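For reference, the structure discussed in these notes is given below.
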Amino acid sequence: MKITGTTKITGVFGYPVRHSLSPVFQNAAFEYLGLDYIYIPLEVKPDNLGKAIEGVKALNFVGVNLTIPHKKAVIQYIDEIDEEARIIESVNTIVNKKGLLKGYSTDGYGFIRSLKEEKGIDISGKNVFILGAGGSAYAITGALIKGCASKIYISNRTEKKAELLKNTLSERLQFQNIFVVPFEERNDKKYWGDIELLVNTTSVGMKEGEPSLIDEKNIASVKLVYDLVYNRKTELIQLAKKNGIPHMDGLLMLIYQGAVSFEFWTGMKAPVEIMKKSIHTLT
Ligand code: ATR
């Protein structure tokens, strides 16, 4: 990859950022398409976020990604915000449009697209069980509602966070078919008769030996398991595999949310297979 006087700059602001895989697959994509772009990791302390965002304009970056802990805090510093990002109060992508910064969340778009492109699944009319009520759960629930999912169950260790998610999104998106499942009842038979998609947005499974939050018989009853954890094959994914249930891991979600960002910045279709290959060689 050659950097020249005309190279367009993108990157990711995070704290920490050193473990980010985004530079690997974004640069692989630029290189594959012969685009004069570069993607760099930038460690930005929370106190410096405002200045760093001014820098996006001052240094004429094409755009940036935001990761932990900046996705919410960045909203106060941008000029415009996409509707989906506003609803879930999270921005992971900024596009610099001639000095005007517009914020998007590509997590939800990436999630929906990964289901469609990897497994041919359209979430319209589907019943979904979501574990967790953090930032990823907001993005995914928002995308499921927009994509006309039929019924959504949310279960979270801290129940009041699940209640807040439900109340916020059902009001903002005018959707009533969302229900909180008490965490201790999450494996009750009554919830599992017609669930098609199980999504884990919690960090459970990142550590080896952490048992799946959902029992094997319930996992075996769904059509697809999506686990957002991406550092290892979680016990949840292992159980899905054992029972012949189609499954997807967090690396795919990571790639697809990045693919959407790539397309915002370049206007070209992201070479998803190349991006996937570039990180599978590392993992
Ligand atoms: P993200 O932005 O990736 O969604 P987050 O906002 O930190 O991350 O959310 C982490 C989620 O994992 C939360 O839903 C958290 O539950 P709490 O709200 O009760 O904290 C969930 N989580 C983390 N560790 C967990 C554990 N050991 N058991 C169950 N849930 C856990």
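Tell me the carbon and sulfur percent of the accessible area for the chain, rounded to whole percent, probe radius 1.4 Å. Walk me through the numbers before you get to the answer.
Values: 6990 of 13370 Å².
Using a 1.4 Å probe with all protein chains present, the chain comes out at 52 percent carbon and sulfur.
For the chain, what does the relative contact order come out to in percent, with C-alpha contacts under 8 Å and a separation of six or more? It would help to have the intermediate numbers written out before the result.
Working: 541 pairs, mean separation 45.1, N = 283.
Averaging sequence separation for qualifying contacts and normalising by length gives 16 percent for the chain.
To the nearest 20 debye, what is the magnitude of the charge dipole of the chain about its Cα centre, counting +1 on the Cβ of each Lys and Arg and -1 on the Cβ of each Asp and Glu? Can you show the working numbers first?
Values: 36 positive and 32 negative charges, 50 e Å.
The dipole magnitude comes to about 240 debye.
Where Lys and Arg each count +1 and Asp and Glu each count -1, what net charge lies around Lys166 among other residues with Cβ under 14 Å from its Cβ? Provide the component values of the computation, followed by the final result.
Values: positive: Lys151, Lys160, Lys161, Arg172; negative: Glu159, Glu163, Glu171.
After counting each charged neighbour, the total is +1.
Can you give the translational diffusion coefficient of region 71-209 in µm²/s, computed by Stokes-Einstein from the Kirkwood radius over Cα pairs at 37 °C and 0.692 mPa s? Mind dumping the intermediate values first?
Details: Rh = 15.8 Å.
In µm²/s, the coefficient rounds to 208.
Among residues other than Lys241 whose Cβ falls under 15 Å from its Cβ, what is the net charge (Lys/Arg +1, Asp/Glu -1)? Numbers along the way, then the final one.
Details: positive: Lys119, Lys223, Arg232, Lys233, Lys242; negative: Glu216, Asp227, Glu235, Asp249.
Its environment carries a net charge of +1.
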- Placed amide H near Val180: partners under 5 Å, 5+ positions off or other chain: Ile154
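Based only on the alpha carbon positions, what is the Kirkwood hydrodynamic radius of the chain, in angstrom?
Details: mean 1/r = 0.0514 Å⁻¹.
Its Kirkwood hydrodynamic radius stands at 19.5 Å.
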- Debye, to nearest 20: dipole size of region 215-283, +1 on Lys, Arg Cβ, -1 on Asp, Glu Cβ: 180
- How large is the accessible surface per residue of the chain, computed with a 1.4 Å probe and reported in Å² as a whole number? 47
- Quick calc, Lys190 & Glu273: beta-carbon distance into FRET formula, R0 51 Å, rounding 0.05, result 0.80
- Message: Expected output is a single nm value to one decimal: the length gained when fully extending between Lys242 and Asn60, i.e. 0.36 nm times separation in residues minus the C-alpha distance. What is it?
- Response: 60.5 nm
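The values are calculated or read from the model by the stated rules, or taken from the named source; none is laboratory data. Just so it is clear, the model here is predicted, and its values are computed rather than measured. Cβ coordinates were reconstructed from backbone atoms using ideal geometry, including for glycine residues, and neighbour counts include every protein chain displayed. Protein only, heavy atoms only, side chains kept; ligands, DNA and RNA dropped before computing areas. Shrake-Rupley method; radii C 1.70, N 1.55, O 1.52, S 1.80 Å.
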